[in-house]
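Notes follow once the structure below has been shown.
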Amino acid sequence: MSAHNKKNYRLKWWWVALTGLTLVVIIALSILSMNINSIAHTQINKLLNTYLAGGGSLDAIDVELAEGRVEVKGLIVNSPQHFGSTPLVHLETLALDVKLISLLGGSLAAEELVLKDLSIVVVRDDEGNVSVLNIVKPGKADAESDTEPPVDPDESGVFIPSIGIDTIRFENIRISLIDGLSKQQWSSELQLDLAVDDLQLRDVMHADILCGKIMFALSGLRVDQPPGFEMEPFASLDRLEIHSDGLDFGAPEMVIESVRVKGPSLSLIVQKDGTFNLQRLGQIFGGPVEEPDTVEPPKEEPGILKRLIGMLKGRRGKADEQITEVAPSKPSAETKRPVIMVKKARLEDGALTYQNDSLPKKGIALPIKDIELNVSGLRLFDTREESPPASVSGSFALSQPEDHPTAYLGLLGSIGHVGVGFPLINSQVRVTGFKLDTLGAMVPSATRKAIGATGLDADIALAVNTESLHLNSSILTDRNVKYNTIKITGPLNAPKVQMDKILLGVVGRLSGGIFRLGKDSIHAGADIASGGVEVTKGLGSAALNIGKSILKGARGVGTGVVARDKEQIKSGLTDSTAGTVVVTVDSARNVGSSTVQGGASSYSSLKGGARLNAWNQGIPARHEAAMERAQNALTTMPYPPVTE
């Protein structure tokens with residue numbers, strides 16, 4: 001055989017071998033493709049029962065290699081023994097469509113990621129063991145891996161490929177917590193939904209992440225009362241929903257189109273022995289819940305004013321000499337946070353119940369309903385002075401005891417520099433139709449006699465900048481008595497408080513009761529002074545004499561005036577400056593008027609029950625007028641806020 005023929009012969013056999021090998025691979029892949037679902041299903045079920053303490057099962061898996069699609073159905077991870085029969089994880093559907101061609105370029109691109117009907121139930125038993133921490137069989141979790149961790153010789157970090165997903169849909173993700181450590185079982189649950197379009201994880205380590213439209217929803221939240229408490233759940237929420245048309249996590253500004261909170265509710269309860277449900281709820285996560293044998297008196301804490309200011313400034317609730325300012329971090333290219341712009345935020349149908357049975361006599365109950373809050377143009381972490389403030393409005397209704405009419409609160413304001421130290425605030429608050437009986441024993445009998453009335457309307461103005469604040473408050477009773485009740489001015493770390501002497505007893509009881517602070521808490525870091533009282537026509541002689549006697553004890557600050565002519569009741573509060581802080585109380589003549597028997601008449605022209613009925617019936621109309629005054633007053637407050 002010639003050399004040329006030998007060469008052709010060898011080439012022929014190479015082609016035959018290559019063709020045969022190709023056919024074998026194709027046949028093997030065909031067989032694998034036809035049986036991959038069965039193989040994967042068997043192996044996954046074997047692994048679930050080999051490594052998991054409670055075992056598990058998988059109903060079906062569908063792998064389509066040519067199309068890059070994987071779909072899992074009916075995955076169950078059972079809870080370990082002694083944690084009940086409810087599965088720890090129950091997944092109905094998981095689907096992933098991958099673009100295989102993208103793998104050739106070192107990235108991962110997917111058309112769709114879908115997760116539907118996932119239930120996660122975490123249980124803690126009566127010995128404090130948590131189901132999710134005992135999911136792996138003993139010995140399996142401690143087994144050492146035969147493989148060494150990857151070596152990173154140049155310390156460049158772990159390589160994470162670029163990931164792009166066209167569509168992400170997480171639907172009906174339910175999470176439940178069940179605690180059996182205490183005698184009474186406690187539970188909590190919620191549901192999550194997420195929809196994201198065009199997610200691009202280009203460089204996760206450097207926050208190079210982009211996405212198109214996004215919707216996140218939390219619904220069906222329910223948190224039980226802790227053991228030993230009854231009534232409605234501790235907290236619940238119908239739905240929280242957040243929408244954005246697109247986010248760039250590396251950009252200097254991110255925009256949230258809307259945030260909507262519907263049906264939030266919270267129930268705060270203090271029992272007769274002083275046990276607070278919020279504190280008891282914290283004990284659920286900190287250790288066994290035991291009934292206290294004795295009730296220790298509350299520890300002395302900083303004054304309520306300093307505590308509020310400290311929270312806003314980033315302080316901890318410590319004694320004055322222990323307070324440490326939190327220094328803001330210097331902005332840099334590496335640490336500067338992006339500005340988050342929230343175009344619209346709305347809270348609706350909110351409810352809050354506060355019940356304190358540890359107070360004298362009947363205690364108090366404050367059921368607040370119809371809570372609404374609207375915010376537009378909110379900018380978080382924005383330090384630019386030229387940035388406009390957010391507009392805020394809020395309201396709620398307070399159900400009052402003993403068949404008293406509903407009281408209303410309305411709030412209007414503007415707020416800026418949120419999230420970067422103390423925010424800039426201008427605010428006007430109006431309270432209409434509040435009855436003293438609502439506070440029960442919190443209002444001393446001497447104060448009730450001094451006020452000589454059963455209810456009141458209140459106007460409050462607040463201006464806060466980075467260094468100081470100015471708050472003015474005034475009330476007008478159903479007897480047409482006006483009190484300039486409280487004024488707070490000065491630097492944030494040492495404000496001066498001027499308070500009407502008639503309120504000192506109320507504040508002391510509120511501090512030791514509702515706020516559960518020390519008896520001297522209101523004095524911490526504040527200078528308390530007596531304020532003034534203005535008395536208009538229609539005030540009974542006994543109450544007038546008491547009002548006069550109060551003024552005799554004034555310490556020379558805001559001594560006030562006793563006025564028989566209601567024309568002397570001026571708009572605004574003591575020392576308010578036009579164009580800076582203005583609370584428009586108007587005159588008692590305007591505030592106290594109501595339509596009675598077809599004609600306009602002042603409450604002071606009525607007597608006894610007729611006057612009280614007219615005042616009660618006029619609450620809605622007065623509140624509407626009060627909010628109009630609040631809007632006018634807010635427009636006169638300059639921004640940035642002026643507190644001088």
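The values are calculated or read from the model by the stated rules, or taken from the named source; none is laboratory data. Predicted, not measured: the structure shown is a model, and the values here were computed from it. Ligands, DNA and RNA are excluded from the accessible area calculation, which covers all protein heavy atoms including side chains. Shrake-Rupley method; radii C 1.70, N 1.55, O 1.52, S 1.80 Å.
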Worksheet item: For region 609-625, in order, what is each residue's ³J(HN,Hα) by Karplus, 6.51 cos²θ - 1.76 cosθ + 1.60 with θ = phi - 60°, in whole Hz (x at glycine and Pro)?
Response: x, 5, 5, 5, 4, 5, 5, 5, 5, x, 4, x, 5, 5, 5, 4, 5
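Would you list Tyr483, Tyr639 from the most to the least accessible area, probe 1.4 Å?
From most accessible down to least: Tyr639, Tyr483.
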Response to the item:
Distance in Å, no decimals, from the C-alpha centre of region 78-126 to the one of region 346-370 is 41
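Under a 1.4 Å probe, what is the accessible area of region 378-464 per residue, stated in Å²?
On the way: 3070 Å² over 87 residues.
Here the per-residue accessible area is 35 Å².
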